[in-house]
Amino acid sequence: MNTPEWIWLDGELVPWAEATVHVTTHALHYGSSVFEGIRAYETREGVALFRLRDHLVRMQQSAKLLRMPMPFSVDRLEQACRKLVRSNHDGACYVRPLAFRGSGDLCVDGRERPTQTTIISFEWGAYLGDGAVEHGVDAAVSSWRRFSSNTHLPLGKIGGQYVNNQLVAAQAHVDGYQEGIVLDESGLVAEGSGENLFAVKDGVLLTPPVFSAILAGITRSTVLQLAGDLGIPCHETPISRDALYLADELFMTGTAAEITPVRSVDRIPIGRGERGERGPVTARLQDAFFSVLRGETADRHGWLTPIDQSAPATAYAAAAS
Ligand SMILES: Cc1ncc(COP(=O)(O)O)c(C=O)c1O
């Protein structure tokens, strides 16, 4: 990870090395944090954040699920993200807003702890490896299950819950795959360790519904919208494990992973099995997706928030506080 100059912490920009917390921080012990991952892209009109507001709204919803008050509004965090990116980067980057229960006693019920808020930005390339977006990844169905809404909060992007995702990702990597796929409690397909999942069968796009214990991904909703724009029929429907193996195409979606094809599951080749070849529906959706991100086609859904690179960096610390 590169280390840019600034981190936004509780309302102001502070130097990277000074953005530290106390060891009694509640989130460090009990995972009481909510977070987002947002990408900024270089468009023809300059750097722009993709679906910034939607991410920040989801972060507020995650905090609500955790009963954690958020000291900063969506508007304020939106402004802070823009200032941070402007201060730290000339080009594309990844932005990580995080709110967490701060320091104090170590009672498990941390509602009395103050909420701290930070935003980190750094450069981050292809999440699932070089060439993954073009040539796809090999995935495995995990022996771990996705937690349910009876035990956790699948709709929340909540720090402590990511122990489950870590187990899925680590198992896949140790076993020689790029990513793991989790099934939900009933054995139906849920998602990847950090991505949602889409299948294509007979020209129809299929993806598990939100009640399959998935995170309601913002890239997932982008793909559903683009599929509608392109006239690709799409169903949010439960998907069984064997239907995965028999899909004509499979791909994963996420802010970090963008749209990444899956070329095999459990070493069973997907579709025609010609390694490294994207399926036609995946290719159409990727092309539509990346051309919006690069500003090559009109941003008709208002997904891009431009960063004004002309403002002087020295003004940011004062303006963000
Ligand atoms: C578990 C999980 N599922 C799905 C996603 C994809 O969500 P998004 O497209 O909003 O990044 C992510 C990434 O945030 C994730 O961590």
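Structure values in brief
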read-out: Options Leu128, Leu155, Leu167; residue that is more than 14 Å from the chain's Cα centre (by Cα), within 15 Å of the ligand (Cβ to nearest atom) and outside any strand (DSSP E or B); value: Leu167
read-out: Residue in segment 64-115 that is nearest to Pro154 (Cα to Cα), counting only those that are in contact with a Leu (Cβ under 8 Å, 6 or more places away or on another chain) and in a strand (DSSP E or B); value: Pro97
read-out: Where a residue in segment 186-199 is within 19 Å of Leu285 (Cα to Cα) and its partner, wherever it lies, is among the acidic types (Asp, Glu) and near the ligand (Cβ under 9 Å from one of its atoms), with Cβ under 6 Å and at least six apart; value: Leu197/Glu191
read-out: Filtered residues of segment 197-216 (kept if open to solvent by 10 Å² or more (accessible area, probe 1.4 Å) and under 19 Å from Pro261 (Cβ atoms)); value: Lys201, Asp202, Gly203, Val204, Leu206
read-out: Number of the exception - Ser221 against (1) open to solvent by 40 Å² or more (accessible area, probe 1.4 Å); (2) more than 10 Å from the ligand (Cβ to nearest atom); (3) part of a helix (DSSP H, G or I); value: (2)
read-out: Qualifying residue in segment 144-156 (condition: of a type in the set (Phe, Trp, Tyr) and out of contact with any strand residue (DSSP E or B) (no Cβ under 8 Å at 6 or more places or on another chain)); value: yes
read-out: Scope segment 23-47; condition outside any strand (DSSP E or B) and either of a type in the set (Val, Ile, Thr) or under 19 Å from Thr219 (Cα atoms) (or both); matching residues; value: Val23, Thr24, Thr25, Glu36, Gly37
read-out: Qualifying residues in segment 200-218 (those that are without any contact (Cβ under 8 Å) to a residue 60 or more places away in the chain and part of a loop (DSSP other than H, G, I, E, B)) - the one farthest from the ligand (Cβ to nearest atom); value: Asp202
read-out: Single match in Ala48, Ala99 (criterion: surrounded by 14 or more Cβ atoms within 10 Å (Cβ to Cβ), within 16 Å of the ligand (Cβ to nearest atom) and of a type in the set (Gly, Ala, Ser)); value: Ala99
read-out: Gly91, sole failed condition from (1) modelled with pLDDT of 95 or more; (2) in contact with an Asp or Glu (Cβ under 7 Å, 6 or more places away or on another chain); value: (1)
read-out: Where Val137 falls short, out of the listed (1) away from the ligand (no atom under 14 Å from the Cβ); (2) open to solvent by 10 Å² or more (accessible area, probe 1.4 Å); value: (2)
read-out: Residues that are within 16 Å of the ligand (Cβ to nearest atom), within 19 Å of Gln178 (Cβ to Cβ) and of a type outside the set (Val, Ile, Thr), drawn from segment 224-255; value: Leu250, Phe251, Met252, Gly254
read-out: Count - residues of segment 16-25 that are closer than 27 Å to Ala126 by Cα and either loosely packed, with under 13 Cβ neighbours inside 10 Å or touching a residue at least 40 places away in the same chain (Cβ under 8 Å) (or both); value: 2
read-out: Residue check for Arg241: basic (Lys, Arg) and buried (at least 16 other Cβ atoms within 10 Å of the Cβ); value: no
read-out: Residues satisfying the stated conditions in segment 152-180, i.e. surrounded by fewer than 16 Cβ atoms within 10 Å (Cβ to Cβ) and either among the β-branched types (Val, Ile, Thr) or in the same structural domain as Met59 (by TED's automatic domain parsing) (or both); value: Val163, Val174
read-out: In segment 269-285, residue farthest from the ligand (Cβ to nearest atom) [restricted to those that are touching a Leu at 6+ places or on another chain (Cβ under 9 Å) and either of a type in the set (Asp, Glu) or open to solvent by less than 70 Å² (accessible area, probe 1.4 Å) (or both)]; value: Gly271
read-out: The listed residue being modelled with pLDDT of 95 or more, surrounded by fewer than 23 Cβ atoms within 10 Å (Cβ to Cβ) and more than 9 Å from the ligand (Cβ to nearest atom), out of Gly187, Gly194; value: Gly187
read-out: For Gly176: the one exception among (1) at negative phi; (2) part of a loop (DSSP other than H, G, I, E, B); value: (1)
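The values are calculated or read from the model by the stated rules, or taken from the named source; none is laboratory data. All values derive from a computational prediction rather than experimental measurement. Note: ideal-geometry Cβ built from the backbone for every residue, glycine included; neighbour counts use all protein chains shown. Heads up: the accessible areas ignore ligands, DNA and RNA and are worked out on the full protein's heavy atoms, side chains in. Shrake-Rupley method; radii C 1.70, N 1.55, O 1.52, S 1.80 Å.
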